[in-house]
Amino acid sequence: MALGWFEEKLYREVRQSFAVSKILHRAQSEHQDVVVFENPVYGRVLALDGVVQVTQKDEYVYHEMMSHVPILAHGKAKDVLIVGGGDGGILREVLRHRSVKSATLVEIDRSVVDMCRKWMPSVSAGAFDDKRADIVIADGAAFVAKTDKRFDVIIVDSTDPVGPGEVLFAARFYKACKRCLKPGGILVNQNGVPFLQPGEIPMTVRRRRKAFKVASFYMAAVPSYYGGLMALGWATDDAKAADVPLAMLRKRFAAARLKTHYYTPELHRASFALPAFVADLVP
Ligand code: SAM
């Protein structure tokens with residue numbers, strides 16, 4: 001029996017609603033409104049400032065594609081930076097790679113980590129306690145501006161470009177990420193659903209191109225980020241990184257011994273094929 005409905009208000013003219021069977025947590029943190037509720041289809045759902053961030057039932061799509069595509073394309077990733085990602089889903093997937101020696105997660109809102117550990121433990125699945133994990137509570141933009149750490153892969157698992165997440169879409173941020181990447185490093189970022197957020201495609205390409213030779217996208221179908229395929233930003237100086245031969249991806253995937261529910265080496269390659277309307281949005 002539904003307690004009522006959670007209505008997501010990311011867009012002015014379209015909304016998605018979730019029947020709420022239970023509210024597990026609700027609070028105003030220092031940075032944003034945090035709610036965790038239960039829905040019969042998606043399981044437990046985390047929403048920040050009224051926008052769905054992660055759901056128990058479909059989180060594997062986004063977390064696998066944001067983690068395994070850059071790490072398996074890179075081939076020798078040891079040090080990974082995750083900006084945002086306070087639910088721990090990306091951290092979990094990154095740490096499944098035994099080749100990864102350190103995963104630094106920089107999350108601005110401690111309450112998101114605390115709430116997800118408590119109410120959505122299946123998402124992080126113990127990753128926060130992995131000895132290779134370093135959890136930093138800070139603004140990701142400030143962190144990349146001053147850290148002397150260097151990374152092979154940077155994964156920007158941020159909220160949308162509003163509120164605290166806005167700085168994670170700035171040219172200055174991408175430039176600072178480039179500074180923190182080792183040669184051959186790869187940056188991926190949450191880049192919205194082009195059908196409903198078309199402006200985010202040219203916006204991040206122009207800004208990422210200021211720091212990287214290659215700034216493009218790959219796609220994933222995340223049910224709870226509704227409106228069609230989601231764009232994931234891809235930036236690197238290594239033009240070949242987005243075109244690793246299938247045989248090599250299969251070899252690396254087998255060596256990593258990953259059990260996945262969405263990612264496959266074939267889909268890895270196919271995800272870089274953009275729908276025409278998305279390609280047309282790239283300046
Ligand atoms: N997968 C989700 C998506 O695609 O929209 C994002 C999930 S994760 C919960 C987003 C996280 O980014 C939130 O926990 C939020 O607190 C964090 N965040 C927002 N702005 C930030 C900033 N400037 N520095 C670090 N973390 C930030």
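The values are calculated or read from the model by the stated rules, or taken from the named source; none is laboratory data. Predicted, not measured: the structure shown is a model, and the values here were computed from it. Note that each Cβ is placed from the backbone with ideal geometry, even for glycine, and that neighbours are counted across all protein chains shown. Heavy atoms of the whole protein, side chains included, go into the accessibility calculation; ligands, DNA and RNA do not. Shrake-Rupley method; radii C 1.70, N 1.55, O 1.52, S 1.80 Å.
Which one of Val100, Val69, Val94, Val112 is at pLDDT 95 or above, among the β-branched types (Val, Ile, Thr) and within 10 Å of the ligand (Cβ to nearest atom)? Full working, then the answer.
Values: Val100 fails: within 10 Å of the ligand (Cβ to nearest atom); Val69 fails: within 10 Å of the ligand (Cβ to nearest atom); Val94 fails: within 10 Å of the ligand (Cβ to nearest atom).
After applying the criteria, what remains is Val112.
Each row is one residue, and each column tells you yes or no for (1) within 14 Å of the ligand (Cβ to nearest atom); (2) touching a residue at least 12 places away in the same chain (Cβ under 8 Å).
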site: Phe6; (1), (2): no, yes
site: Glu13; (1), (2): no, no
site: Ser21; (1), (2): no, yes
site: Gln28; (1), (2): yes, no
site: Val35; (1), (2): yes, yes
site: Glu38; (1), (2): no, yes
site: Gly50; (1), (2): yes, yes
site: Thr55; (1), (2): yes, yes
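Applying the condition of being assigned to a helix (DSSP H, G or I) and free of Cβ contacts under 8 Å to residues at least 60 places away in the same chain to region 145-164 and asking which residue is nearest to the ligand (Cβ to nearest atom) yields Ala145. Going through region 190-232 one residue at a time, which ones are touching a residue at least 60 places away in the same chain (Cβ under 8 Å), β-branched (Val, Ile, Thr) and within 13 Å of the ligand (Cβ to nearest atom)? Hit for region 190-232 is Val222, nothing else. Tyr11 fulfils the conditions (1) part of a loop (DSSP other than H, G, I, E, B); (2) closer than 24 Å to Tyr262 by Cα; (3) open to solvent by less than 40 Å² (accessible area, probe 1.4 Å) except for a single criterion, (2).
Reported count of residues in region 14-32, each being open to solvent by less than 30 Å² (accessible area, probe 1.4 Å) and assigned to a strand (DSSP E or B), is 4. One residue is enough: does region 128-140 have a residue meeting the conditions out of contact with any strand residue (DSSP E or B) (no Cβ under 9 Å at 6 or more places or on another chain) and open to solvent by less than 60 Å² (accessible area, probe 1.4 Å)? No, that holds for no residue. Kindly list the number of the only condition in (1) closer than 18 Å to Leu91 by Cα; (2) outside any strand (DSSP E or B); (3) within 9 Å of the ligand (Cβ to nearest atom) that fails for Val167. Only one criterion in (1) closer than 18 Å to Leu91 by Cα; (2) outside any strand (DSSP E or B); (3) within 9 Å of the ligand (Cβ to nearest atom) is unmet by Val167, namely (1).
Looking at this structure, is Ser99 in contact (Cβ under 8 Å) with a residue 40 or more places away in the chain, open to solvent by 10 Å² or more (accessible area, probe 1.4 Å) and not basic (Lys, Arg)? Against the criterion (in contact (Cβ under 8 Å) with a residue 40 or more places away in the chain, open to solvent by 10 Å² or more (accessible area, probe 1.4 Å) and not basic (Lys, Arg)), Ser99 qualifies. Put simply, of Arg172, Arg208 the only residue that is in a helix (DSSP H, G or I), surrounded by 21 or more Cβ atoms within 10 Å (Cβ to Cβ) and basic (Lys, Arg) is Arg208. Among the numbered criteria (1) open to solvent by 20 Å² or more (accessible area, probe 1.4 Å); (2) within 27 Å of Arg26 (Cα to Cα); (3) in a loop (DSSP other than H, G, I, E, B); (4) touching a helix residue (DSSP H, G or I) at 6+ places or on another chain (Cβ under 9 Å), which single criterion is violated by Asp87? Only one criterion in (1) open to solvent by 20 Å² or more (accessible area, probe 1.4 Å); (2) within 27 Å of Arg26 (Cα to Cα); (3) in a loop (DSSP other than H, G, I, E, B); (4) touching a helix residue (DSSP H, G or I) at 6+ places or on another chain (Cβ under 9 Å) is unmet by Asp87, namely (1). Test Thr147 against the stated conditions and say whether it is in contact with a Gly (Cβ under 6 Å, 6 or more places away or on another chain) and surrounded by 15 or more Cβ atoms within 10 Å (Cβ to Cβ). No.
So which of Ala77, Ala73, Ala142, Ala103 ends up being hydrophobic (A, V, I, L, M, F, W, C), part of a helix (DSSP H, G or I) and closer than 16 Å to Leu187 by Cβ?
Working: Ala77 fails: part of a helix (DSSP H, G or I); Ala142 fails: closer than 16 Å to Leu187 by Cβ; Ala103 fails: part of a helix (DSSP H, G or I).
Unique residue meeting the criteria: Ala73.
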